[in-house]
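Read-outs throughout are calculated quantities, based only on the coordinates presented, and are distinct from any laboratory measurement. Remember, predicted model here, so these are calculated numbers, not experimental data. Counting neighbours? That spans all protein chains shown, and the Cβs are built from the backbone with ideal geometry, glycine included.
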Amino acid sequence: EALQSTKMTVLQLIAIGLDLDPSYFAKLHDEHNDTLRLIRYWPGTEQTGNRCKEHSDYGTVTLLSTDGVSGLQAFHQGEWVPVPHVKGAVVVNIGSLLSSWTGGSLLATLHRVAGPASKGSKHGCDIHKTLLEAVSRPRTS
């Protein structure tokens, strides 16, 4: 029930952000045909490559709870960058369906769960600080 409520709130906020009626996306989810998956990616060793290969999700939104174990990366401006862990926060990935519904205004998030040996990993790069600052700022809408 809590996840259902969170999902609907996220969908309403996305609609508001796009200057649409707040129920625009929420009403498209009234059949409650969601998928809930609990997945744990173990840290691995220095030789561990991708623990989940690059992909974008097929639906509208994916809500991710992280536990501080590094590895979640998003493809941003031609590079794989780490998604910072913020205690108590939820990462929201845009899926391909929502990207299509918005005519590409919102793009599906290409992401992966990398290991230390993953090609192109940028552990500790400057973008990490930038992303952490972005998710830590108070929201005005």
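Odds and ends about this structure:
- Nearest-0.05 FRET efficiency for L97 and E1, computed from C-beta distance (R0 22 Å): 0.40
- Phi to ³J(HN,Hα) by Karplus 6.51 cos²θ - 1.76 cosθ + 1.60 over the stretch 5-17, Hz, x for Gly, Pro: 5, 5, 4, 5, 5, 4, 4, 5, 5, 5, 4, 4, x
- Between amide H atoms placed 1.01 Å from N, distances below 5 Å from V61 occur with G95, all of them 5 or more places distant or on a separate chain.
- Couplings 3J(HN,Hα) of the stretch 55-63, computed from phi: 6, 10, 7, 8, x, 9, 9, 10, 9 Hz, in residue order, whole Hz [Karplus 6.51 cos²θ - 1.76 cosθ + 1.60, θ = phi - 60°; x for Gly and Pro].
- Coupling constants for the stretch 96-106 follow from the phi torsions by the Karplus curve (6.51 cos²θ - 1.76 cosθ + 1.60, θ = phi - 60°), and in residue order they are 4, 5, 5, 4, 5, 4, 9, x, x, 4, 10 Hz; glycine and proline get x.
- If R0 is taken as 35 Å, the Cβ-Cβ distance between L20 and C52 corresponds to a FRET efficiency of 0.65.
- Burial ranking of peptide ranges 77-84, 25-32 (average Cβ count within 10 Å, highest at the top): 77-84, 25-32
- Under a 5 Å amide H cut-off, with hydrogens placed 1.01 Å from N, L72 pairs with V83, A114 among residues at least 5 apart or on other chains.
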